[in-house]
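The values are calculated or read from the model by the stated rules, or taken from the named source; none is laboratory data. Source: prediction; values computed, not measured. Note that each Cβ is placed from the backbone with ideal geometry, even for glycine, and that neighbours are counted across all protein chains shown. The area values use the complete protein model at the heavy-atom level, side chains included, leaving out ligands, DNA and RNA. Shrake-Rupley method; radii C 1.70, N 1.55, O 1.52, S 1.80 Å.
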Amino acid sequence: VTVIDDWLYIDYHDRINCLVQIPNDEDEGTDGKGGGDQQQPKFLVFEQTKYALENRNSLAVIGGIIEPHEAPELAARREVEEETGRQCTQMIKLGRFRTDVNRGMGWVHSYLGVNCRKALLTPTTSTLPDNDKEEEEVGTKDAERQDARIITLSELVDAARNGIFLEVQWSNTVALA
């Protein structure tokens, strides 16, 4: 094994990405268009921009950092609940992937959340007392605007094929689902 002393390696937090499938009986899309064909599976995604996307809009899946000592599936469930107010009856693991094989950058755990319904009660997924949460949480809240969109399976496939998911981790999660 050759060791290069000044090689740039970034030790970054592991994270999750989750494509959220919602029940077909939820017939009203967040954009007021009804979410399309009732026979097709429907998905909740975000339309947003990030500073590294050169002011371009992108569709995005749910994502976030895995907190210390948190299992990836629990992180996926927590992020879906925090970002959408939904709870999924099933999480299908799509894989675990290194985000930069030459520089590290942590791992992304990709999931498909199935039958993700609006939660009846406000979720409390953390077991930490409120005063300890800020010290334990990793990262910061996103500053960019994101708008929820409900799209059909055919719209999801078209968006993936046309490069509308601009972040490679989001594209990977959608392609695997």
Review point. Could we say that THR140 is more than 17 Å from PRO68 (Cβ to Cβ), modelled with pLDDT under 90 and not in a helix (DSSP H, G or I) here?
Key: no
Review point. Just to be sure, is VAL45 at pLDDT 95 or above, touching a Cys at 6+ places or on another chain (Cβ under 9 Å) and closer than 25 Å to ALA119 by Cβ?
Key: no
**Study point:** Members of region 143-166 that are assigned to a loop (DSSP other than H, G, I, E, B) and surrounded by 19 or more Cβ atoms within 10 Å (Cβ to Cβ)
**Key:** ILE164, PHE165
Check your understanding: Which of the residues belonging to region 90-108 are surrounded by 13 or more Cβ atoms within 10 Å (Cβ to Cβ) and of a type in the set (A, V, I, L, M, F, W, C)?
Key -> MET91, ILE92, LEU94, PHE97, MET105, TRP107, VAL108
**Study point:** Breaking point among (1) at pLDDT below 70; (2) open to solvent by 90 Å² or more (accessible area, probe 1.4 Å), for GLY36
**Key:** (2)
Review point. Do you know which of the residues in region 52-80 that are within 11 Å of the chain's Cα centre (by Cα) and not aliphatic (A, V, I, L, M) is surrounded by the most Cβ atoms within 10 Å (Cβ to Cβ)?
Key: GLU79
